[in-house]
Number of protein chains: 2
Amino acid sequence: MKAYDLILKKRQGLALNKEEIEFLIEGYTKDEIPDYQMSAWAMAVFFQGMTPEETAYLTTAMVNSGETLAWNEIAGKVVDKHSTGGVGDKTSIVLAPLMAAAGIPFAKMSGRGLGHTGGTLDKLESFQGFRIDLSREEISKNVNEIGVVLSGQTADLVPADGKLYALRDVTATVESIPLIASSIMSKKIASGADAIVLDVKVGKGAFMKSLDDAVKLSEAMVDIGKRLDRSMTAVLSQMEEPLGNMVGNALEIKEAIDTLAGKGPEDLRELVLVIGSYLMVLGEYRDNREAAYEELALLLDNGKALEKFKEMVKAQGGDIAEVDNPELLPKAKDVIPFTASRAGYVAELDALAVGRAAMSLGAGRQKKGDPIDLGVGIEVVRKTGDMVAEGDVLAYIHSNDEKKTIEAMKELDLAYVLSEKEQEKLPLVYRIIQ
Amino acid sequence: MKAYDLILKKRQGLALNKEEIEFLIEGYTKDEIPDYQMSAWAMAVFFQGMTPEETAYLTTAMVNSGETLAWNEIAGKVVDKHSTGGVGDKTSIVLAPLMAAAGIPFAKMSGRGLGHTGGTLDKLESFQGFRIDLSREEISKNVNEIGVVLSGQTADLVPADGKLYALRDVTATVESIPLIASSIMSKKIASGADAIVLDVKVGKGAFMKSLDDAVKLSEAMVDIGKRLDRSMTAVLSQMEEPLGNMVGNALEIKEAIDTLAGKGPEDLRELVLVIGSYLMVLGEYRDNREAAYEELALLLDNGKALEKFKEMVKAQGGDIAEVDNPELLPKAKDVIPFTASRAGYVAELDALAVGRAAMSLGAGRQKKGDPIDLGVGIEVVRKTGDMVAEGDVLAYIHSNDEKKTIEAMKELDLAYVLSEKEQEKLPLVYRIIQ
């Protein structure tokens, strides 16, 4: 078998078979197939697509390129959740302890990630002493004892994906539905998940800008999972404006704590309950989704979820005094109001521009290893559909640097569009794909 | 400027501007842009094409990547001819001395090439002592004194093309009209040609299998040349069956000598006269193409062209006794007839299969540096449209090895299709594009 022939076959619009896909991925992982052939193949995939079978073969081949996790400490199905990424997305931080509070073990491997704010792990490091580099033994112990852990990777999962993604990133071949779908799914499957809820974000602040594209990606991922005997649900959720009100690391932790205490913004609470209830049914821990939803809502309202969160923070070395009193978390020197220049309705609140504002304050990193300022960020006060008077506060800028404040201000100017016309609030969930 | 953005732009179907193309080609030539980005770009070009402007920018950028030749010893326009390659194509070997006999200086840089037989230079090395590695000074001297030279490259022409072609060759991105057109044209332009006749072969034995594709390639090349102020003509000629009767190195030299002596096969003579007469008019050495055609025909018939050929062979160190008596040229041990298994008409004579037969005898090389057997090859006796009786000789196999003879026999079996139905002879020239 020769890589050349497989590139040609794909270029001609034909589907590669299982052996051919394995040959490509194995060869690439072992450096036997050079980058220049893989990038040509990826570009051919961009134009010709992949069949569902082919995409599943690719996913399996990538899973087989490295280690996989097994969760012997979990008796039932291993549930997991993945978000395609958005601005202000702290869903996992609320969801993990909430699931554990419902008696469903939840061990999620997360990353630091690049972007407008840090990843889930960065946010959790807002707690003094919080450890995200747990050993496999510690993870196992925490799952057994408290039922929840949020940690970094312990194993070399899906090295083929790491290598291929880095190549796609510099050859303009990222934006291919089958390549994105297999990249995401290979990591979930290597992590040992049996039941997976995908939170596919749609809108200005998301990778998928249109509902059409998000549906295609969701269908591709659900299809891969089903072909590989996983239980799958995709929740297509709105990311035109930020999720919740807080965008920034410690700010998002505060909002997660609020939500775990039965308060917090309505959209975040709702998304957590929707995803959580689908996970419970998908993992065969409950029969009825509506009932599961109500059960989870109660666990937020009666303090059980927050209690579980404190157990998790404590078990991972964090300071639970900061959970009880979030004012102790890192915070910015200055909190500057950003006000409405005229009266009207918020016609648009561009999540991406809010993300850039947070980024310009230092909340995120542009490249691996960059430092993050945990205290800074944007606190959104008014969202799409809200009526405002001239001079009303639209958002607060939490900043440690005046120059950066000005940058953030400029981005917020772009983010908010006011209109005289009344404007409806945005929906949260567009569609469920199973 | 970033290579990533240029790949993305092309992927999106947009045209790159002059500076962007220059950035890509300069960067690639200097190893600043890696292979994996160039191959992704090439695959995007395969799918999205290039505008005529873009293709001309690419050609110029490639020309500028290395040295260029100037022909100060030639007072008028420098004429050149390029064939896209076929089986039995010895046109240049006849054309070069013929042009010189008409008083038009003709200095052609050729290559050894891979394929079913050697390239023009390999064929010429059938003459004992013939030197193809002339210095720039020797070339200049020969052009001044006898008006003709057929030599290898003296300069590092178009290194970008060499590098890019090698990459395309292993990434399934060769078959792109703008990339093929710019590759060919960059070499012609760097060689210093002012007036160029392109012999674009069409059919089973050619790179372009269909007339449609050949027209597209011809138009692209003629367009590039005109944009860069060259006088251009493309002759689209038939390559379903071999050109002339001889396929093999010394065999083709013999046929070239025959043709230079006013004999030789009709199709080869005709193609030489067509290309030559267009070159004379294109180079502004004559006004009237029909008259030029007659003039050249006379030079073949009156021995002047052959005389010029002998001057060239002598000037390049060859033995002219071998011109006078081609039986002295390298020849194979055995000459085995390949006969018709039944009576009928030759419905098809597949040039590619004849090429493979010659290759299997050792007439060509599979990779650079492979040795070539100059004496072996196929002598075609019957061509498409000819009537044959059972047992008639269709072709002779000139072989030095019995095993290889059997291989060649198998290929000839595939090459010849006999039919009971009468069959017309194939046309030679399909179309002229200017």
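Listing for the model above:
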quantity: Nearest-20 debye value, the stretch A:332-419 charge dipole, Cβ charges on Lys, Arg, Asp, Glu; calculated: 300 debye
quantity: For the stretch A:1-140, with +1 on Lys and Arg beta carbons and -1 on Asp and Glu, the positive-most of A:Thr91, A:Ala44, A:Thr59 along the dipole; calculated: A:Thr91
quantity: Neighbour net charge for B:Leu14 - beta-carbon separation under 12 angstrom, K R +1, D E -1; calculated: 0
quantity: Where Rh is the Kirkwood radius over Cα pairs, Rg/Rh for the stretch A:205-262; calculated: 1.12
quantity: Per residue accessible area in Å² of the stretch A:3-49, where ligands, DNA and RNA are left out and the probe is 1.4 Å; calculated: 40 Å²
quantity: Between A and B, accessible area buried - total, square angstrom, nearest 100, 1.4 angstrom probe; calculated: 1800 Å²
quantity: Note, ³J(HN,Hα) from phi for the stretch B:15-31, Karplus 6.51, -1.76, 1.60, rounded to Hz, x at Gly and Pro; calculated: 8, 7, 8, 4, 5, 5, 5, 4, 4, 4, 6, 4, x, 5, 4, 8, 6
quantity: Probe 1.4 Å - accessible area at B:Tyr278, Å² to nearest ten; calculated: 40 Å²
quantity: Accessible surface of the protein assembly as shown [probe 1.4 Å, protein heavy atoms]: carbon and sulfur percent; calculated: 48 percent
quantity: Rounded to whole Hz, the Karplus (6.51, -1.76, 1.60) HN-Hα couplings of the stretch B:160-165, x for glycine and proline; calculated: 4, 5, x, 5, 5, 5
quantity: In degrees, nearest ten, helix A:351-361 long axis to first principal axis of chain A (Cα); calculated: 80 degrees
quantity: A:Lys2/A:Asn64 FRET efficiency (R0 22 Å; Cβ-Cβ; nearest 0.05); calculated: 0.55
quantity: Unsatisfied cross-links (Cα-Cα over 24 Å) in the set B:Lys90/B:Lys226; B:Lys2/B:Lys367; A:Lys9/B:Lys18; A:Lys108/A:Lys425; A:Lys77/A:Lys141; A:Lys2/B:Lys163; calculated: B:Lys90/B:Lys226; B:Lys2/B:Lys367; A:Lys9/B:Lys18; A:Lys108/A:Lys425
quantity: Peptide A:42-50, shielding by other chains (average Cβ, 10 Å cutoff); calculated: 4
quantity: Residue-count net charge about B:Ala193 - beta-carbon cut-off 13 Å; Lys, Arg +1, Asp, Glu -1; calculated: +3
quantity: Choice from A:Asp31, A:Asp213, A:Asp287 with maximal GNM fluctuation in chain A (Cα, 10 Å cutoff); calculated: A:Asp31
quantity: Dipole of chain B, positive direction: furthest Cα of B:Ile196, B:Pro178, B:Trp71, with charges on the beta-carbon; calculated: B:Pro178
quantity: Length-normalised contact order for the stretch B:332-419 - Cα pairs under 8 Å, 6+ apart - percent; calculated: 49 percent
quantity: Cβ crowding within 10 Å averaged over residues, with A:329-337, B:296-304 ranked highest first; calculated: B:296-304, A:329-337
quantity: Cross-link table B:Lys314/B:Lys383; A:Lys201/A:Lys263; A:Lys10/A:Lys187, entries beyond 26 Å C-alpha to C-alpha; calculated: B:Lys314/B:Lys383
quantity: Buried on assembly, the stretch A:11-29 (at least 50 Å² less accessible surface than by itself, 1.4 Å probe); calculated: A:Arg11
quantity: FRET efficiency, 1/(1 + (r/R0)^6) with R0 51 Å, evaluated for A:Lys18 and B:Lys18 via beta carbons; calculated: 0.65
quantity: Accessible area of B:Glu422 in the full protein assembly, 1.4 Å probe (Å², nearest 10); calculated: 140 Å²
quantity: List B:Leu211, B:Leu328, B:Leu260, ordered by accessible area with a 1.4 Å probe, largest first; calculated: B:Leu328, B:Leu211, B:Leu260
quantity: Beta bridge orientation in the protein assembly as shown: antiparallel %, DSSP, nearest 5; calculated: 55 percent
quantity: Residues B:Asn144 and B:Lys226, FRET efficiency given R0 of 41 Å [Cβ-Cβ distance, rounded to 0.05]; calculated: 0.85
quantity: Total charge dipole magnitude, chain B, about the Cα centre, Cβ charges on Lys, Arg, Asp, Glu only, Debye to nearest 20; calculated: 560 debye
quantity: B:Glu284 versus A:Asn302: modelled label distance in nm, points set 7 Å from Cα along the beta carbon direction; calculated: 9.8 nm
quantity: Quotient of Cα Rg and 2.2 N^0.38 Å for the stretch B:229-366, N being how many residues it contains; calculated: 1.24
quantity: Fraction of alpha-carbon pairs over 37 Å apart in the protein assembly as shown - percent; calculated: 57 percent
quantity: More than 34 angstrom apart: percent of Cα pairs within chain A; calculated: 32 percent
quantity: Percent antiparallel among DSSP beta bridges (both partners in chain B, rounded to 5); calculated: 55 percent
quantity: Formal net charge of residues neighbouring A:Gly244 (Cβ-Cβ distance under 15 Å; K, R +1; D, E -1); calculated: -3
quantity: Given charges at beta-carbon only (K, R positive; D, E negative), |dipole| of the stretch B:111-208 in Debye; calculated: 240 debye
quantity: For the stretch A:332-419: accessible area per residue (Å², 1.4 Å); calculated: 46 Å²
quantity: Computed helical MRE - 222 nm, chain B, DSSP H runs ≥ 4 contributing -39500 (n - 2.57), nearest 500; calculated: -14000 deg cm²/dmol
quantity: Pairs of Cα atoms farther than 16 Å apart, the stretch A:3-49, %; calculated: 28 percent
quantity: Rg/Rg_globular for the stretch A:332-419, with Rg_globular taken as 2.2 N^0.38 Å and Rg from C-alpha atoms; calculated: 1.08
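The values are calculated or read from the model by the stated rules, or taken from the named source; none is laboratory data. Because the structure is predicted, anything quoted here is derived from the model rather than measured. Note that each Cβ is placed from the backbone with ideal geometry, even for glycine, and that neighbours are counted across all protein chains shown. Accessible surface is based on the protein model in full, side chains and every heavy atom, while ligands, DNA and RNA are left aside. Shrake-Rupley method; radii C 1.70, N 1.55, O 1.52, S 1.80 Å.
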